[in-house]
Amino acid sequence: MLLACLFAVFNRFSREATFFTTIRKEFRFMHLSLDDIQRLSRLARINVAPAESPQIQNELNAVFNLVEQLKAVDTNGIEPLCHPIAAIEEMTLRLRLDVVTESDQREANMGNAPQQENGLFFVPKVLE
Amino acid sequence: MTFAAASLKQLRAALDSRQVSAVELAEHFLNRAEAAHDLNTFLHIDRGLTLAEARAADARIASGDVGALTGIPVAHKDIFVTQGWRSTAGSNMLANYVSPFDATVVEKLKSAGMVSLGKLNCDEFAMGSSNENSAFGPVKNPWDKSKIPGGSSGGSAAAVAAGLTPASTGTDTGGSLRQPASMCGITAIKPTYGTVSRYGMIAFASSLDQGGPMAKSAEDCAILLDAMAGFDERDSTSVDVSTTSRKGLVTAPNLAAFVEQHARNASTGGVFQGIRIGIPKEFFAAGLSADVAQHVNLAIAEFEKQGAAIIELSLPRTQLSIPAYYVIAPAEASSNLSRFDGVRYGHRAVEYNNLGDMIAKSRSEGFGAEVKRRILVGAYVLSHGYYDAYYLQAQKVRRLIALDFQDAFTKCDFIMGPVAPTTAWKMGEKSADPVAMYLEDIFTLGVSLAGLPGMSVPCGFAGDMPVGLQIIGNYFDEGRMLATAHQYQCITDWHKRTPEVSP
């Protein structure tokens, strides 16, 4: 009993004293390798030059060290929350009727095209 | 009274009594905005467009077709798309983008007769807490130009604080209305998720993004939110409150009337009699700077003195809101920002070898460092083999966080605490360490994840820098929140302090 109380006190103390520091604790492990960075770069269509790869790797690993603590949370039986109002009641996402609601805005919509030809978006050859 | 310091009701009276015309008012604020260009608040001003709207407002006033906002100027965060003015989202990706349509919020305020002064600077795609992530340079805090204005709605907050516009629009994904309002000493409300339409708000994290007003007082915010809010079928997550279990609460468009009526009926024996205010101990733990704590505590003491009951409680998962948010928001961002491919709109690289190369180069050149970082994080947490461990787990933790708030609201009417752990910091101070900046969002992220309404109300100054009190309400309880904040502003004058700006 005493032990339990002491433990609770210690827990509380350590939680508050380390409010910010726990999340920055230096239990750093290399979460993402340089190969992972290249894979993500391809997935996201964001070029990462080999020279900047190590810096991006460090920055992303800092983020993943921060989010690592999520794994320790017991979420057994908890449904994911997608629409916040679903926290208090059933929410179903609305679907609109499958009918045309927009008028023809072709010219306005083409107005921002970086390159166009004959009223079509112009892109490099897709098929060789 | 100067127009720059006037409330919306005072501007209404000045317009209705023909003391000033909408054109004169628009010119007054445009002149101020141009004179204070060193603050870098505005990204696009177009006198011709503004004056045309002002002339239309004057015609409406002359014909007696007048609402609360007809002829009053407003400026929009550059996340809302606008016909005429460029819509850049603070990004080189959209540097020259002109929208073929108006966002619902823009359209609603325009039809209420508001006159748009232009577009306001913000962090790129609303990602940031300091406005330093704008591709068009940081906004300066009008209280101290060497400091950040907060973010991401930094331009919106600084412009109101400096009296360059009577009101502005902003958006909040993890605190982007409340935190800059706090750091610039103005009032802002992030309404319940689903209240203000996201249609035409350039998407960052769709399950969190929520628009709201920024102004000098709660009374002004109520008038603005009345015009901005409302169910919109063009936003798939828009909520019609009358179909929820929270129906019967005072919501838009009746907020301003309720705030006024509530003030009239306030009991003389303590204006906050009967109100229970929850104080989460996690909001006052280590990490909160002593000067912010002092002013927030003084504000809470003022509520108590005026009859409110103060209830200590716990939001045990406050700290988890940071990792949950920094999984969910980047995941949704990586999905939303996949639309930028250099094909249909936005930046396109000049040289490329093939279609894939064109897309990757266009995105790499168009996006800034923080946006790329979040896209890469998002791509990882959504990728095969990691989705369950990160994204799904974060969404489950999100529900636990929302349930903690519901538990708290069984014991109190509002939750109060600081908006941010510190006042505005020096420019450049935290930009080298992105994760250090993420930690600053600790008190605002939980509210965003839970989709609850939250306000920032000026409550003091630490040195020369403003401090904001955060008021958090239960779902769709904006009416009572605004009425309570207005009562607080009737007995305090923190919201009336203005920085000295050159013009």
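The values are calculated or read from the model by the stated rules, or taken from the named source; none is laboratory data. Just so it is clear, the structure is predicted and the values come from calculations on it, not from any experiment. As a convention, Cβ positions derive from the backbone with ideal geometry for all residues, glycine included, and neighbour counts pool all protein chains shown.
Out of all the residues in region B:281-307, which are outside any helix (DSSP H, G or I) and either aromatic (Phe, Trp, Tyr) or crowded, with 16+ Cβ neighbours inside 10 Å (or both)?
B:Ala285, B:Gly287, B:Leu288, B:Gln306
Any idea which residue in region B:372-381 is surrounded by the fewest Cβ atoms within 10 Å (Cβ to Cβ), counting only those that are under 11 Å from B:Glu332 (Cα atoms) and facing chain A (nearest Cβ under 7 Å)?
Looking at the filtered set, the residue picked out is B:Ala379.
Do any helices (runs of 4 or more DSSP H) lying entirely in region B:353-463 carry at least 3 residues that are aliphatic (A, V, I, L, M) and either over 24 Å from B:Ala286 (Cα atoms) or touching a His at 6+ places or on another chain (Cβ under 8 Å) (or both), and which ones are they?
The helices (runs of 4 or more DSSP H) meeting that bar are B:355-366, B:369-382.
Restricting to region B:336-371, what's the tally of residues that are surrounded by fewer than 21 Cβ atoms within 10 Å (Cβ to Cβ), among the polar types (S, T, N, Q) and either facing chain A (nearest Cβ under 9 Å) or over 28 Å from B:Gly446 (Cβ atoms) (or both)?
The number of residues fulfilling the criteria is 4.
Tell me which residues, restricted to region B:185-244, are assigned to a strand (DSSP E or B) and farther than 27 Å from B:Met465 by Cα.
Residues satisfying the conditions are B:Val196, B:Met201, B:Ala229.
Can you say whether B:Ala257 is of a type in the set (A, V, I, L, M, F, W, C) and free of Cβ contacts under 8 Å to residues at least 24 places away in the same chain, as far as the supplied structure shows?
It is true that B:Ala257 is of a type in the set (A, V, I, L, M, F, W, C) and free of Cβ contacts under 8 Å to residues at least 24 places away in the same chain.
Residues in region A:94-109: is at least one in a helix (DSSP H, G or I), aliphatic (A, V, I, L, M) and modelled with pLDDT under 95?
Yes, region A:94-109 contains at least one residue that is in a helix (DSSP H, G or I), aliphatic (A, V, I, L, M) and modelled with pLDDT under 95.
Pick from B:Gly274, B:Gly211, B:Gly269, B:Gly248: which is out of contact with any Lys or Arg (no Cβ under 6 Å at 6 or more places or on another chain) and modelled with pLDDT of 95 or more?
B:Gly211
Pairs please, first residue from region B:118-132 and surrounded by fewer than 24 Cβ atoms within 10 Å (Cβ to Cβ), second anywhere and among the acidic types (Asp, Glu) and part of a loop (DSSP other than H, G, I, E, B), Cβ atoms under 9 Å, 6+ apart in sequence or on different chains.
Listed pairs, sorted by first residue: B:Glu132/B:Asp123.
Go through region B:382-391 and report how many residues are facing chain A (nearest Cβ under 8 Å) and either at pLDDT 95 or above or crowded, with 24+ Cβ neighbours inside 10 Å (or both).
Summing the residues that are facing chain A (nearest Cβ under 8 Å) and either at pLDDT 95 or above or crowded, with 24+ Cβ neighbours inside 10 Å (or both) in region B:382-391 gives 1.
Picking from A:Pro114, A:Pro124, A:Pro80, which residue would you name as being closer than 25 Å to B:Gln83 by Cα, assigned to a loop (DSSP other than H, G, I, E, B) and modelled with pLDDT of 90 or more?
After ruling out the rest, the residue left standing is A:Pro114.
Can you find a residue that is surrounded by 18 or more Cβ atoms within 10 Å (Cβ to Cβ), more than 12 Å from every other protein chain (Cβ to nearest Cβ), over 15 Å from B:Asp172 (Cα atoms) and of a type in the set (Lys, Arg) anywhere in region B:216-235?
Checked region B:216-235: at least one residue is surrounded by 18 or more Cβ atoms within 10 Å (Cβ to Cβ), more than 12 Å from every other protein chain (Cβ to nearest Cβ), over 15 Å from B:Asp172 (Cα atoms) and of a type in the set (Lys, Arg).
Kindly provide the set of residues from region B:119-176 that are under 18 Å from B:His76 (Cβ atoms) and either β-branched (Val, Ile, Thr) or assigned to a strand (DSSP E or B) (or both), ordered by number.
Result: B:Lys119, B:Leu120, B:Val139, B:Val160, B:Thr165, B:Ser168, B:Thr169, B:Gly170, B:Thr171, B:Asp172, B:Thr173.
If A:Arg106 satisfies every condition in (1) under 30 Å from B:Ser87 (Cβ atoms); (2) free of Cβ contacts under 8 Å to residues at least 12 places away in the same chain but one, which is the exception?
(2)
Which condition from (1) more than 7 Å from chain A (Cβ to nearest Cβ); (2) buried (at least 24 other Cβ atoms within 10 Å of the Cβ); (3) more than 30 Å from B:Ala309 (Cβ to Cβ) is the one that B:Thr444 breaks?
Failing condition for B:Thr444: (3).
Of B:Ala333, B:Ala394, B:Ala408, B:Ala402, which residue is among the aliphatic types (A, V, I, L, M), more than 9 Å from chain A (Cβ to nearest Cβ), over 30 Å from A:Pro124 (Cβ atoms) and surrounded by 17 or more Cβ atoms within 10 Å (Cβ to Cβ)?
B:Ala408
Determine the pairs where a residue that is more than 11 Å from B:Ala162 (Cα to Cα), located within region B:28-47, has a partner that is of a type in the set (Phe, Trp, Tyr) with Cβ atoms under 6 Å apart, the partner being 6 or more residues away or on another chain.
B:His28/B:Phe3; B:Leu43/B:Phe136; B:His44/B:Trp85
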